1. Checking the condition in contact with a Phe, Trp or Tyr (Cβ under 6 Å, 6 or more places away or on another chain) and over 25 Å from ARG89 (Cβ atoms), which residue from GLY188, GLY200 passes?
2. Name the residue, out of GLY65, GLY56, GLY49, that is touching a Pro at 6+ places or on another chain (Cβ under 9 Å) and of a type in the set (Gly, Ala, Ser).
3. Would you pick out the residues in region 30-55 that are among the aromatic types (Phe, Trp, Tyr) and out of contact with any helix residue (DSSP H, G or I) (no Cβ under 7 Å at 6 or more places or on another chain)?
4. Please list, ordered by first then second residue, the pairs with beta carbon atoms under 9 Å, 6 or more apart or interchain, first in region 57-81 and over 20 Å from ASN214 (Cα atoms), second of a type in the set (Asp, Glu) and part of a helix (DSSP H, G or I).
5. Taking the stated definitions as given, is ALA382 assigned to a helix (DSSP H, G or I), modelled with pLDDT under 70 and under 22 Å from ILE279 (Cβ atoms)?
6. Report yes if some residue within region 204-221 is β-branched (Val, Ile, Thr), within 30 Å of ALA88 (Cα to Cα) and touching a Lys or Arg at 6+ places or on another chain (Cβ under 8 Å); otherwise report no.
7. Looking at region 184-196, is at least one residue over 30 Å from SER108 (Cα atoms), at pLDDT 85 or above and of a type in the set (Phe, Trp, Tyr)?
8. Got a sec? Which of GLN138, GLN91, GLN134 is in a loop (DSSP other than H, G, I, E, B) and touching a helix residue (DSSP H, G or I) at 6+ places or on another chain (Cβ under 9 Å)?
Amino acid sequence: MTKAITLAWRNMWRNWRRTAIALVAIVLGLILLLFFDGLIKGSDQAIFGNAVRLYGGNLQVHASGFRAKANRLPLLPLENADAVIQAARAQPNVIAATKRIATAGIVSSHGNALPVAITAIEPAIEQPLSLQAQNITQGRFLSDEDGDAIFIGQGLAERLQVGLGDRITLLGRSKNELMRQHTMIIVGIYDLHTPEVEKGSVFIPLVDGQTLYNLRGQATAVAIFLQQVGTEDSLMSALQGQLPNYEVDSWQTLKPEIRQTMETKLAFTSFLGVVVLVIAGIGILNLMLMAVFERTREMGVLAALGMKGRQIMGLFLLEGAFIGVVGAVVGCGLGALLIGWVGQVGIDLSGYSGMGEVMALLGDRLYPSVTPADLLSRGLLAIVIAAIASLYPAWQASRQEPAQALHHV
């Protein structure tokens, strides 16, 4: 076996130009594939992390029956919001848990009216975590001392033709199904460069929400923020066991369209990456077939010396595998260096702002990243494709008759 490996390695470099062409195909294919992987992981981290901040926490706890009516944002008060917060804060990986009131309503000003999602929050807790609070263009964020204050998006301000310090009317339905309206003062305006998102939601202090909707001292949801995105499932199970009379949901179940978009993107880019490696594999197939034809007399000599067909086949398979190994090592190394450099600098996306909700969640810069597991899996994939591409040429080589091969010109 050692002799076969040594012979295959030497044969691989006998025609170094042919081998170099195959290696370039694999290396370029791997770099492209790894860069796609890095973009996917970087965008996932940005989108998931910002989606958590935009939509109110990794997890949300609601009263029983909320899930079936979630699209209408019903006012179902929690039986004991403080107990829910205490249970959440006792869990590992939780950085904040806060009360909320979330419902639907209408805002109007200067004869213009728009339906919106109204969210009453605890400003002191949510300000460090809020994506909107980090994108204020006018005024300030809400504070716990505010009264009759409202925080809106730039898109909504433009539609209502209002600005900082103006008054707008907030209309909503209380838990008793009675219509309630209140005049609010705009204390801050944020801009995510996505008017469709901005015009669909407003924020008010929790105390104002409790007064407006006749929910004295109550809340309709508890938003839970975690240190790391992707750990929601385990915490959901733990909280559901402790809070059997409540419904615990992650942002992914409350906003499934974001997850569907990410899955579609991942499927497309994975398919494209595999196609690139398959094209590189076709190049290896062609090169190995040429090697078989060029070395027909050599194979006749090997067969005449007693080497069996399966041994000749194994020799060519080893050559193809070695090309894959060298290409995988070089390609993964260069790909990791490229992604590491781009991951430090970032890719500027500011020119694409305002092109949809997903672009808003990506932010102004994208930082690609890959894990050692990604490098290993893609490298192994390249080796397997190279070996498979060598299979048919190796089989052709093993079928050569020694007498005919020795007389081949």
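The values are calculated or read from the model by the stated rules, or taken from the named source; none is laboratory data. Note that this is a predicted model, so its numbers are computed, not measured. When we count neighbours, we look across all protein chains shown, and the Cβ atoms used for this are built from the backbone with ideal geometry, even at glycine.
1. Working: GLY200 fails: in contact with a Phe, Trp or Tyr (Cβ under 6 Å, 6 or more places away or on another chain).
Going through GLY188, GLY200 in turn, the sole match is GLY188.
2. On the way: GLY56 fails: touching a Pro at 6+ places or on another chain (Cβ under 9 Å); GLY49 fails: touching a Pro at 6+ places or on another chain (Cβ under 9 Å).
Only one candidate passes the filter, namely GLY65.
3. Here is the first cut: in region 30-55, the residues among the aromatic types (Phe, Trp, Tyr) are 35-36, 48, 55.
Correct list: PHE48 only.
4. ASN58/GLU232; LEU59/GLU232
5. Details: assigned to a helix (DSSP H, G or I): yes; modelled with pLDDT under 70: no; under 22 Å from ILE279 (Cβ atoms): yes.
So ALA382 fails the test.
6. First pass over region 204-221, keeping only residues β-branched (Val, Ile, Thr): 204, 207, 211, 220.
From what's left, within 30 Å of ALA88 (Cα to Cα): 204, 207, 211, 220.
Pick out the ones that are also touching a Lys or Arg at 6+ places or on another chain (Cβ under 8 Å) and you get 220.
Checking region 204-221: at least one residue is β-branched (Val, Ile, Thr), within 30 Å of ALA88 (Cα to Cα) and touching a Lys or Arg at 6+ places or on another chain (Cβ under 8 Å).
7. Step one: filter region 184-196 for residues over 30 Å from SER108 (Cα atoms), giving none.
The answer is no; no qualifying residue exists.
8. On the way: GLN138 fails: in a loop (DSSP other than H, G, I, E, B); GLN134 fails: in a loop (DSSP other than H, G, I, E, B).
Residue meeting the stated conditions: GLN91.
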